[in-house]
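Only one structure is covered here, and it is reproduced in the block below.
None of the figures in this text is laboratory data; all of them are computed from the coordinates on show. Just so it is clear, the structure is predicted and the values come from calculations on it, not from any experiment. Every residue, glycine among them, receives a Cβ derived from its backbone with ideal geometry; neighbour counts consider all protein chains shown.
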Amino acid sequence: MTDATPQQTNSREEFLTARQLAAILQVSESTVRRLAQKGRIPSIRITPHILRFHLKAVRKALDGTERTTRRSNSNEEIDSTQLSFSDIL
């Protein structure tokens, strides 16, 4: 009889801090936070001051294929397929 254990798949997702994501994207941490606040990149709010980012979701959002943001004064969704300098600043 062999001692076989079922293989466990690694279903744990890796989430990054704003500092870690900023290093990967080669931007400042404040830029990452600003993009998240504007809805340009997806984020998960753990507490009012702690954000986490899923790298694959952020890359998907930044590639421009499936990004939409909401206007702050209405519920209309607009297509925002390209980042501009005003989005980053």
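Details
- Formal net charge of residues neighbouring LEU51 (Cβ-Cβ distance under 10 Å; K, R +1; D, E -1): +3
- Taking THR17, THR31 and counting other C-beta atoms within 10 Å, the order from fewest to most: THR17, THR31
- Linear extension gain, ARG34 paired with ARG19, 0.36 nm per residue minus alpha-carbon span: 4.1 nm
- Length released on extending from ASP63 to VAL27, taking residue separation times 0.36 nm less the Cα-Cα span: 11.3 nm
- Put in line by how crowded their Cβ is, counting other Cβ atoms within 10 Å and starting with the fewest, ILE44, ILE50 read ILE50, ILE44.
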